[in-house]
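The values are calculated or read from the model by the stated rules, or taken from the named source; none is laboratory data. Because the structure is a prediction, the values reported are computed rather than measured. Virtual Cβ from ideal backbone geometry, glycine too; neighbours counted across all protein chains shown.
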Amino acid sequence: MTIGAAAANTFPSLERALKHHFGYDQFRLGQRQVIEEVLKNRDVLVVMPTGGGKSLCYQLPALLKIGLTVVVSPLIALMQDQVDSLRDNGIAATFLNSTLKLEEVRSREAALRAGRIKLLYVAPERLVSPGFLQLLRDLSQTLGIAAFAIDEAHCVSEWGHDFRPEYRQLSTVRRTFPQVPILALTATATERVRQDILQQLWLNDPLLHVSSFNRHNLFYEVRPKQRQSYLELLKQVRETDGAGIIYCLSRKRVDELAARLQQDGIATLPYHAGLSDVDRAENQRRFIRDDVRLMVATLAFGMGINKPDVRFVIHYDIPRNLESYYQESGRSGRDGEPAHCTLFYSYADVATVEYLIGQKPDEQEQRIARQQLRQMIDYAESTVCRRRIQLGYFGEILPEPCGHCDNCLSPPPIEDWTIEAQKFLSCVARCRERFGAGHIIDVLRGAKKQRLLELKHNELSTYGIGKDRSVDEWRLLSRSLLHQGLLEETTDGYPVLKLNAGSWQVLRKQISVQIAIPERLQQVVEVTPPEDSLEVVQLLERLRSLRKRLADEQAVPPYVVFAESALRQMAQQRPQTPDAFARISGVGSRKLEQYGQVFTEEIRRFCQENDLPEDSASTSSFAPATRKRQSLGDTHLQTLALHHEGLSVPDIIERRQLRYSTVISHFERLLLNGHEVDLDRLVSPERQSAIRAAIAAVDSPSATAIRNHLGLIYDYPEIRLVLASLTQSGKEAATQSH
C-alpha cells in the first residue's frame, strides 16, 4: 500500500500534514524517522517514553495511507480518550469495545465498511476473535488495511512489568495478514523485553527505535517517611498548581488518605479495585475532566490515564520495582511542562512489599520480585543522581549527573574509596563471580557463617580485610559500583555480582572510585517551577475556565480542547487575531476553526480590562518597579478582610477553598495597590531581609534572578510578595543603598 495520491499532492511535506491535522510546527526527536518507515510499510518497534509522542507515529501515517489503521489498546478509557482527541481534530476515528450496545456496534461496523473511518481502536481479545478477524478480511479486500498498531506492547512480554496473557495471541494478526505492517509501541522496555516483543509479534526486519528514557521536565526526589510526612504531602499538594496522583500500596491506605485530604479541603477522589466498576469509571472521569484535582490510587489506576497535565505524582508507599516507578511517576508532565515526582520511603513499607511478594505461588517469581524490590531500595537509599539510576536500569548511560533531582541539587560529600573498591572487586574475583553482595561483604568482614566456612572462603586472601568498614558502608560501595557501571549483577532472580571492563580498570589502578557519603537520607529539597508574571497567571486561569466550559459542553476532557502548554503559550503571547492564534503550538486547521474566535475574544476582553497590549513579548520580563496598579475584584477584598481578621494563609485557603497560588496572587495584587497587608505575617522579617539583599545584588530584579541568587531554600511566592511590597512603597532606592 502506498501514500494516497491526493494526500501526497495536498501535503508536499510531512511538516505541513503535521500542522494541518495536529497543529504542531515540528516533529519531536525520532518521530519523523519512524513515520517515514511506517509509510514505507516496514515493521517498527518504538520504545519512546511517556509524553514522547508515540501515538503520532501511527496516527499521522494513518491519515496519509490508503485503508484502515487498526490500533490495539488494552484499556477502554484509553481508547475513549484517544478517539475523543482525534475527533476534536476532525479525524475520523472510532472504537469497538464492550461498553457499546449491539446497535452501536452495527452502526460503527457499517461506517467501517463504508470507508468513513481511518483509525479503529480495539482490545486485544476482540482483535483475535473469529468474527472480528472475518470483518477485517472483508475490509482488507474492499478498502485495505494500512497497518496494525500494538500500543502498550510491553504487555506481550512475561518479562515486562505489566504482562497480559491475551497479548500473546496477537501473533495471529501476522499469520492472518502477513503483508500488513505492524507497529509495536511502548514507553518502557528493557533489552530483554524488546527482544521478546520482536519474537512474540513476529516482526519482520523491523526498525527498532529506542528514544532516550530521560524525561528532562521531571524532578525526582526521595523523602524519609516519618510521622509528619502527611503534613509534608499536604503542603506539597497545596503549593503545587494543577492535577496530581498519589499512589499507595493498599486499598485501606488509599481510602484513609483520600478521606484525610478531603477533610483538609482538597478536592480528592479514591481509586482502587475494591470500588465498583461504575464508581471507578466515574472517579476517573471526574479526575480527567478537572472536576477534582487529586486522585489517590493503587496501581489499579494505571495505563488508562491519558491526562497530559498532571503536575505531580507522589508515591506515599515504595513501588515494587524501578520499571513500575518509572512508568507511574512518568504519568506526570506528559505535556512536557515541569512536573514533580516524590517518593516517601520507609523500612515499614519495604516489609509490606516483602509480605506481598511472599504470597506469590511461584518461587522463581518471588526471587525476581525480591531482586527488583532490592533495586528499588537501592534507588531510594542512593546518594547518586536519581535519573542516572533509572536510565541505567533500561541500559542507557547518562554521562553527567542530571542536575534535576534531590541528590544532584543537594549532593552529599564525596570521598575517595578506590582502595575499598579494589578490596571489594578483588573479593568478587576470588569468589569466582558466583555470589551476591551479601556473601562478598561477609567474606570481607571475616564472618564465621556456616555456609562461608563450608566453601572455605575463610581461607581466601580477602577474608577479613574489610573489618574496618560496617555492613552499611560496604553495601553503599556495592550500590555505587553498580550505579557507576563499574560492576554488574545478574537479573534472573539470583543477584550474582560480575566483573566488567570497568572493574578491571579499578583493579589495575587506571581509574579511581569516588563515593557520595550520605547523612542518611538527604534534607528535602523544594523545587518550584519558574514563575510567570501576574498577568500570565490570571489570564491562564481564565483560559482554563473557558477550556473547562467548552470541554463539559462536549463531554470530553479539557486537554482534548487544548493542552496545558498551548494555554500557557496563549497567556504569554495573548494572540487576538486568527493569524496570531494559528501560530500557537497545537492549533491546527480544525482547532482554529472550532475554537479560534472564542479564545481570542476572551484574550481580547482580558487585555482591555487590564490595559495590556496584544503581544506580551516586550513586557513579559519587566521589572517590578514598572508594573501598573491594577483594579481589584471582590475576591481580592474578601481575602484582605480575612487577613485583617487575623487568619493565616492556610486558614484563608481552607475558608475560601482556593489554591495557595491564588491566595498569594491576591496578596501580591493587594500590595501593589497599596492596601494594608502585614507582610511580616506572610514572610518572616529575616527572610525579607535576605530577599532585599538579593534584590540589591542582582542585575535584573526578576523573581527568577533573585531566587537563583538566594538558592532553593527560598520560594517564588515569598520573593514576589517582597517585590510587590517594594514596588508599591517606592523603596527600591533604599534597598539598593542597603
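Going residue by residue through segment 469-484, is there one that turns out to be in a loop (DSSP other than H, G, I, E, B), closer than 25 Å to Arg508 by Cβ, modelled with pLDDT under 95 and not assigned by TED's automatic domain parsing to the domain that holds His315? Yes: one or more hits. Residues of segment 278-328 that are buried (at least 20 other Cβ atoms within 10 Å of the Cβ), over 20 Å from Thr352 (Cα atoms), at pLDDT below 90 and more than 15 Å from the chain's Cα centre (by Cα): Arg280, Ile288. No other residue among Leu647, Leu640 is in a loop (DSSP other than H, G, I, E, B), surrounded by 17 or more Cβ atoms within 10 Å (Cβ to Cβ), of a type outside the set (Gly, Ala, Ser) and modelled with pLDDT of 85 or more apart from Leu647.
Within segment 580-598, work out how many residues are within 18 Å of Lys548 (Cβ to Cβ) and either in the same structural domain as His21 (by TED's automatic domain parsing) or not in a helix (DSSP H, G or I) (or both). Adding up the residues that qualify gives 1. If you check Ile357 against the conditions, is it of a type in the set (A, V, I, L, M), under 30 Å from Thr490 (Cβ atoms) and over 23 Å from the mean Cα position of the chain (by Cα)? It is true that Ile357 is of a type in the set (A, V, I, L, M), under 30 Å from Thr490 (Cβ atoms) and over 23 Å from the mean Cα position of the chain (by Cα).
Name the single residue that is surrounded by the most Cβ atoms within 10 Å (Cβ to Cβ) among those in segment 267-277 being part of a loop (DSSP other than H, G, I, E, B) and within 22 Å of the chain's Cα centre (by Cα). Among residues in segment 267-277 that are part of a loop (DSSP other than H, G, I, E, B) and within 22 Å of the chain's Cα centre (by Cα), the one surrounded by the most Cβ atoms within 10 Å (Cβ to Cβ) is His272. Across segment 456-467, which residue is surrounded by the most Cβ atoms within 10 Å (Cβ to Cβ) among those that are touching a helix residue (DSSP H, G or I) at 6+ places or on another chain (Cβ under 9 Å) and in a loop (DSSP other than H, G, I, E, B)? Filtering first and then ranking leaves Gly466.
Remark: pairs (first residue in segment 675-696, in the same structural domain as Leu723 (by TED's automatic domain parsing); second residue part of a loop (DSSP other than H, G, I, E, B) and of a type in the set (A, V, I, L, M, F, W, C); Cβ separation under 9 Å; 6+ apart in sequence or on different chains) = His675/Leu632; Ile691/Val683. Counting only helices (runs of 4 or more DSSP H) that sit completely within segment 309-418, those holding 3 or more residues that are over 19 Å from Met48 (Cβ atoms) correspond to 347-358, 363-381, 386-393, 406-409.
Of all residues in segment 474-503, how many are on the phi < 0 side of the Ramachandran plot and touching a residue at least 60 places away in the same chain (Cβ under 8 Å)? Total meeting the criteria: 19. Segment 34-131 holds helices (runs of 4 or more DSSP H) entirely within its bounds, and those carrying 1 or more residues that are of a type in the set (Phe, Trp, Tyr) and assigned by TED's automatic domain parsing to the domain that holds Gln169 map to 56-64.
Contact annotation: residue pairs with Cβ atoms under 7 Å, 6 or more positions apart or on different chains, pairing a residue in segment 109-136 that is free of Cβ contacts under 8 Å to residues at least 60 places away in the same chain and under 21 Å from Glu152 (Cα atoms) with a partner that is of a type in the set (Asp, Glu) and surrounded by fewer than 19 Cβ atoms within 10 Å (Cβ to Cβ), are Pro124/Glu166; Glu125/Glu166.
Quick grid of which residues meet (1) in contact with an Asp or Glu (Cβ under 9 Å, 6 or more places away or on another chain); (2) free of Cβ contacts under 8 Å to residues at least 12 places away in the same chain:
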residue: Asp362; (1), (2): no, yes
residue: Ser382; (1), (2): no, no
residue: Asp406; (1), (2): yes, no
residue: Pro412; (1), (2): yes, no
residue: Lys423; (1), (2): no, no
residue: Arg430; (1), (2): no, no
residue: Arg434; (1), (2): no, no
residue: Lys456; (1), (2): no, yes
residue: Ile465; (1), (2): no, no
